[in-house]
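The values are calculated or read from the model by the stated rules, or taken from the named source; none is laboratory data. The structure presented is a predicted model; accordingly, all values stated were derived computationally and were not measured. Using ideal geometry, Cβ is built from the backbone for each residue, glycine included, and neighbour counts are taken over all protein chains shown. Side chains included, ligands, DNA and RNA excluded: accessible areas come from the protein's heavy atoms. Shrake-Rupley method; radii C 1.70, N 1.55, O 1.52, S 1.80 Å.
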Amino acid sequence: MGASLILRGHEIIAMAVLDPNVLNPFVLVSPAVAPALAAVITAISVSLSLMISRYFFKSYTFSGFGYLLGLPVGFAFLGASFLFEASSLMYRADPLLYPAFFWIQMLLQSEALALIALSYYYKNSDANESGRKVRARDVLVTALPLAMVAIPFIVPTFALASQPYFNYAGLADLSFYMRIFNMIVIGYIFKSTIASLVRAANVKLLYVPAAFALLWLEQYSLILAYFDNSAIAFIGSAAARIAGLALFVYIMHRVTSRRRIEIEARKAA
Amino acid sequence: MRQEKRHKLQLFYEILCAIEEDAAHNEVAKPTHVQHFTRLSYDKMMNHFDELEEKGMIHRVSGLVAITAKGKMFIEQYDQLTSLIESAGL
């Protein structure tokens, strides 16, 4: 009797702590469909991310251009972050794995976007620029992804060490700031791609900024879902994510296949 | 006019394209024609020829030069790379 009361008390504490509306937004969807929906969205997102990563990895291994490395690694990290998002949903009843997977997902996502942004930063940075100011800026920009690894690890670890359980609401607040960081980083990438578009004066290059705009919209929708616990905002974020990644794959595929056709036509002539 | 510094990959690409273009009519290309297309000094071009031959992208026959299947593959891959980078806004 006493043991069962203790167990009930533990369950009540666990339920109060595991507020389903705070961390993984998949719990906003009906529990009957959430696992299937998560499996479908995750499978599509991971496949698309890995396809993009493969395209850029081939380019990197062929050219050896260092600045390109951020793209395959970034998109691979992005794919991994979606896997951890689904894993945190699977272990949502586990008081340790649920927040742990959530934080690995947040970490990987911010790291991925920072790495992609670094590729654009190093491509756009003027090689002729020199001096202490430029070097300080380079160090700051390179250190930023490292900080994004450190913050999501240190804060929950500290919280776990100082309290017997995670302060979920507090950690969800931190995730909000990380999503703001993601939006700023995607904004920088968007600005860089628009600058390339203007330089090249080629409207066909509009697809890539559009893809990044959709990824920005995903983060924005997740912030909306964070504030009003709206399942619609979350579904919107998933749709924006898949549309953005699919657009990216479409561009990569179209560019490489079109070029192949052009080469074959040139050979035939 | 000062010419923009070219990356080694770009130089290889331009040399191989010039060879392919010139060899389209005679199977082999004349180094002087390749030099004209690529705007390189003769010495530098010969150094690049040595490197390309080492990599199996060209072969030389009695002072003339021809592109190999590997060289043609390099042109294709470089074309795809530049399109991909350009399309990504990089």
Inset, instruction - Keeping all protein chains in place, calculate the accessible area per residue for chain B (probe 1.4 angstrom), answer in Å². - result: 58 Å²
Legend entry - Percent accessible area from carbon and sulfur atoms, the stretch A:38-122, protein chains only, probe 1.4 Å: 76 percent
Legend entry - Mean ellipticity per residue at 222 nm, deg cm²/dmol - from DSSP H runs of n ≥ 4 across chain B, formula -39500 (n - 2.57): -21500 deg cm²/dmol
Legend entry - Amide H contacts of residue B:29 (H built 1.01 Å from N, under 5 Å, at least 5 apart or other chain): B:65, B:66
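For the stretch B:1-71, state the semi-axes of the equivalent ellipsoid (square roots of 5 times the eigenvalues of the alpha-carbon gyration tensor), sorted largest first and rounded to whole angstrom. Present the calculation step by step, with values, prior to reporting the outcome.
Numbers: eigenvalues 70, 35, 25 Å².
For the stretch B:1-71, the semi-axes come out at 19, 13, 11 Å.
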Legend entry - Phi-based couplings in Hz for the stretch B:30-42 (Karplus 6.51, -1.76, 1.60; Gly and Pro marked x): 8, x, 5, 5, 4, 4, 5, 5, 8, 6, 10, 6, 4
Legend entry - Longest exposed-site-free window of chain B, the sites being trypsin sites (Lys or Arg not before Pro) in a DSSP loop that have at most 13 other C-beta atoms within 10 Å: B:56-90
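Nearest 0.05, what FRET efficiency do residue A:91 and residue A:140 give at R0 = 56 Å with Cβ-Cβ as r? Walk me through the numbers on the way to the answer.
Working: r = 37 Å, r/R0 = 0.65.
The pair residue A:91/residue A:140 has a calculated efficiency of 0.95.
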Legend entry - Sparsely packed GluC sites (Glu not before Pro) within the stretch B:1-88, loop by DSSP, other Cβ within 10 Å at most 16: B:4, B:27
Legend entry - Efficiency of FRET between residue A:177 and residue B:62 - r from beta-carbon atoms, R0 51 angstrom, step 0.05: 0.15
Legend entry - Pairwise burial B:A, computed as accessible area of each alone minus the pair, summed, 1.4 Å, Å²: 2100 Å²
Legend entry - Per-residue mean of C-beta atoms belonging to partner chains within 10 Å, peptide B:72-85: 6
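Which entries of A:123/B:55; B:8/B:55; B:8/B:44 show an alpha-carbon separation above 18 angstrom in the structure shown? Before the final figure, lay out the partial values.
Details: A:123/B:55 28 Å; B:8/B:55 14 Å; B:8/B:44 12 Å.
From A:123/B:55; B:8/B:55; B:8/B:44, over 18 Å: A:123/B:55.
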Legend entry - Average beta carbon contacts from partner chains per residue of A:245-257, 10 Å cutoff: 2
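Just checking the output field for A:59-67: average partner chain Cβ neighbours within 10 Å of each residue's Cβ?
Working: counts 9, 1, 0, 7, 8, 2, 5, 0, 2.
Mean shielding count: 4.
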